[in-house]
Amino acid sequence: MKRLSMPIVSLLVAFAAGCGVGPHVDDFNESLVAKELAECGCTPNEEECREDAPPTAGEQACVEALFKNAEGNYEAQLDCLTAANNRLAGCLNGKTCTDLARLGCGVDALDDIEDCPDLPNDIANELRQCLD
């Protein structure tokens, strides 16, 4: 994804927030950041991971714009994905790097996500593009 300059990103985020994108999208974005930061905890270069892994402001603005402009209500899907991300972050943060139970956190997260209602293919594809 092409990176946007910070003034443009700030404008997009402010515009999206002012247009009532909703707490579901904000919570989803926050859960993505929490999950990514928790996953960085046991990487060889944790500091670099923490700088590069979480969705950028531009990526988060892309997610906000996607759901602002999408026809349909995706609150149930977003709430379920948010809960799965938050459970994964909590699980990872509760384990040491040498704890094999960290693997179980990922397996449980996949099960949680599988239980979530599906997003339509076009929305799911656009969401992946926002976060790539």
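Computed from the coordinates by the stated procedures, all read-outs in this text should not be read as laboratory data. All figures in this text were calculated on a predicted structure; none of them were measured in a lab. Note that each Cβ is placed from the backbone with ideal geometry, even for glycine, and that neighbours are counted across all protein chains shown.
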Exposure proxy order (Cβ contacts within 10 Å, fewest to most) of Lys35, Lys68: Lys68, Lys35
Theoretical gain in end-to-end length, Ala101 to Val33 [0.36 nm per residue, Cα-Cα removed]: 22.3 nm
Charge tally in the Cβ shell below 15 Å around Glu71, where Lys, Arg are +1 and Asp, Glu are -1, Glu71 excluded: -2
Residues Glu51 and Glu114, FRET efficiency given R0 of 41 Å [Cβ-Cβ distance, rounded to 0.05]: 0.85
Inter-label distance, nm, simple model (7 Å from Cα along the C-beta direction), Cys42/Asn125: 3.6
